[in-house]
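Nothing in this text is a laboratory measurement; each read-out follows from the coordinates by a stated rule. It should be emphasised that the depicted structure is a prediction, and the values quoted were computed from it without experimental measurement. Backbone-built Cβ (ideal geometry, glycine too); neighbour counts: all protein chains shown.
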């Protein structure tokens, strides 16, 4: 059978002539000199790598029934065919940097999928069938147009890495607390104002990136994240910090630059000052400060003077900056 009878995209055909491999990385020739498909070789293909081929259409992909890795990065794919769901042996699906707007519900048939990369597409909504991907360990959704997540995402309980950064998400869905195996959660560049208290269920979490949101507060349950090593709160609208943050004993990196809404700090200034000073004094096991240098400068030049002003009702903020040694100042 001619290649053009199965595959509609000429660029895809050109790639398939060069970039089909078996599970040992050996090239598998699937077309003869007349572009007829070599039937016996199709089943040997487990890995296809077609990056930067300007592919727009992958119709016919389901012919590769033993495919385990499908790499289609940096193309112009706008729609995924429903037949993608027939690739039951697929373990890695990489589609980042395409123009995909919608994911077909048939993706829920990929029950062996472990890594799904949808970075930088135009996806506005995820199908609820995604909850079927119970073997999924890594899900990259950075740089899409997501505003809402399905509650079924909470059923991906094997998930270890979840990247939702650079979307328009305003709140985390009910059920996300079921992702008890998460180690890395990236939520930066969204529209979050609050975090659910059930975030404390992520007891294996090591990295939590919350920068560039609109967070006004953190739940006290954050103290349950006893494996957390990195917490990034830069560029938010925090009105205070829970004292429970001091119980994050494994924390190695804390980023606070521009984390606070300095015109609307609602926490008792004495309490917030003490929390920040205690955080400032915390060290890693290598005796490094957990707060980075830029954040320390921000605290000393921007935050502490405001807190002292609020505590003592001092009108002359310049006097505080010029004459008080904030390192030794105690409430």
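Beta bridges from DSSP with both residues in the chain: antiparallel share about 15 percent, rounded to the nearest 5.
Measuring between their Cα centroids, segment 24-60 and segment 235-266 lie 52 Å from each other.
Here each label is just a point 7 Å from Cα along the line to Cβ, and for residue 297 and residue 198 those points are 4.2 nm apart.
What's the center-to-center distance, using Cα atoms, between segment 169-228 and segment 106-165 in Å? Here the answer is 17 Å between Cα centres.
For the chain, the longest principal axis of the Cα atoms and the long axis of helix 269-281 meet at an angle of about 60 degrees.
Calculated from the structure at hand, P(r) over Cα pairs in 10 Å bins from 0, in percent is found among [x] 5, 22, 32, 29, 11, 1, 0; [y] 5, 19, 21, 18, 13, 11, 7, 4, 1, 0; [z] 6, 23, 24, 18, 14, 9, 5, 2, 0 as [z]. Compared with the alpha-carbon gap, the fully stretched path from residue 19 to residue 283 is longer by 90.1 nm at 0.36 nm per residue. Peptide packing for 147-153, 226-232 was compared via the average number of neighbouring C-beta atoms within 10 Å per residue; ordered from the highest value, the list is 226-232, 147-153. By its C-alpha gyration tensor, with a ≥ b ≥ c as the square roots of the eigenvalues, how is segment 64-106 shaped: rounded for a/c under 1.5, else prolate for a/b larger than b/c, else oblate? It is oblate, given that a/c is not under 1.5 and a/b is not larger than b/c. The helix-only estimate of mean residue ellipticity at 222 nm for the chain, built from DSSP H runs of length n ≥ 4 each weighted as -39500 (n - 2.57), is -4000 deg cm²/dmol after division by the residue total.
If you rank 96, 184 by fewest surrounding Cβ atoms within 10 Å, what's the result?
184, 96
Computed from label points 7 Å out along Cα-Cβ, the spacing between residue 112 and residue 270 is 6.5 nm.
For segment 1-59, what class follows from the C-alpha gyration tensor (a ≥ b ≥ c being the square roots of its eigenvalues): rounded when a/c is under 1.5, otherwise prolate if a/b is larger than b/c, else oblate?
Note, shape of segment 1-59 comes out oblate.
In terms of surrounding Cβ atoms within a 10 Å radius of their Cβ, 217, 295 rank from fewest to most as 217, 295. Sorting the segments 21-31, 189-199, 233-243 by their residues' average number of neighbouring beta-carbon atoms within 10 angstrom, most packed first, yields 233-243, 189-199, 21-31. Panel order for 46, 4, by other beta carbons found within 10 Å of each beta carbon, from fewest to most: 4, 46.
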